[in-house]
Amino acid sequence: MNTLIFRTAAPFLSALMMLFSIFVLLRGHNAPGGGFIGGLIAASAIAIFGIASGVAAVRRAVFFIPWRSPAPVFCFRFCRV
């Protein structure tokens with residue numbers, strides 16, 4: 001999409017959706033479906049960001065750091081790409 005409003009709002013909306021995804025994941029940890037719905041929200045955030053900015057911006061925004069923590073970490077940079 002080439003609309004200015006969508007391209008401007010998508011990074012902020014994606015960052016907000018990622019925060020909500022983490023909240024749903026942690027809140028629903030002991031309830032059925034919490035992790036699945038949290039993952040769906042995170043995937044939707046990445047999809048919205050990709051539709052607005054393109055594949056190259058998503059590849060710069062979502063990166064993988066295997067050496068900085070005990071478990072591999074996916075990092076997201078939506079607001080400054």
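At a glance:
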item	result
Complete set of residues in the stretch 31-46 that are exposed (fewer than 13 other Cβ atoms within 10 Å of the Cβ) and under 21 Å from residue 63 (Cβ atoms)	43
The stretch 1-22, subset free of Cβ contacts under 8 Å to residues at least 24 places away in the same chain and not in a helix (DSSP H, G or I), residue surrounded by the fewest Cβ atoms within 10 Å (Cβ to Cβ)	2
Top-ranked residue in the stretch 47-81 [being small (Gly, Ala, Ser) and modelled with pLDDT under 70; ranked as surrounded by the most Cβ atoms within 10 Å (Cβ to Cβ)]	69
Residues of the stretch 38-62 satisfying the condition of being among the small types (Gly, Ala, Ser) and over 19 Å from residue 22 (Cα atoms)	50, 52, 53, 54, 56, 57
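The values are calculated or read from the model by the stated rules, or taken from the named source; none is laboratory data. Please read these numbers as outputs of a predicted model, since none were measured by experiment. Here the Cβ is made from the backbone with ideal geometry for all residues, glycine too, and neighbour counts use every protein chain on show.
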